[in-house]
Amino acid sequence: MKHGQEKEKCVSMLPYNGNILVVDLKDQLLQPYLLEREKMAVWFIRMFGRLLIGIILNYMIICHANSGQSIIDNFKFRVDLVQGLLMEHRE
C-alpha cells in the first residue's frame, strides 16, 4: 500500500518474494568466505569462486539434514572438509 492506494503485484514477483529470505540467508552465510577480489580481471575465476563456495554451503546443509545432528559451525565444517580431503588424497 503506497499513499493510501493498493497496487497489484506482478504474478512473477510472488515466487521471488517467497524465496528472498533464503537468498539473503545464503548471502549472509557466504559473506565471510568470499574469494573474489575487486581487481580480478578474469570473470570466470570470480564465477568459479562463487560456485565453489555455494557448493560447499549446499554440501554442509545436505550433510546436516542427513545426519540429524545439531547445526555445525560453518568454519568448523570447512576445516573438517579440507582435513578429510587431505587425508583421502595424501599420497
Taking r as the C-beta separation of residue 78 and residue 42 and R0 as 22 Å, the FRET efficiency to the nearest 0.05 is 0.35
Which value in nm describes the separation of the simple spin-label points at residue 24 and residue 67, placed 7 Å from the Cα toward the beta carbon?
2.9 nm
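All of the numbers you see were taken from the coordinates with simple rules; none came from a lab. Source: prediction; values computed, not measured. No Cβ is skipped: glycine too gets one built from the backbone with ideal geometry, and neighbour counts run over all protein chains shown.
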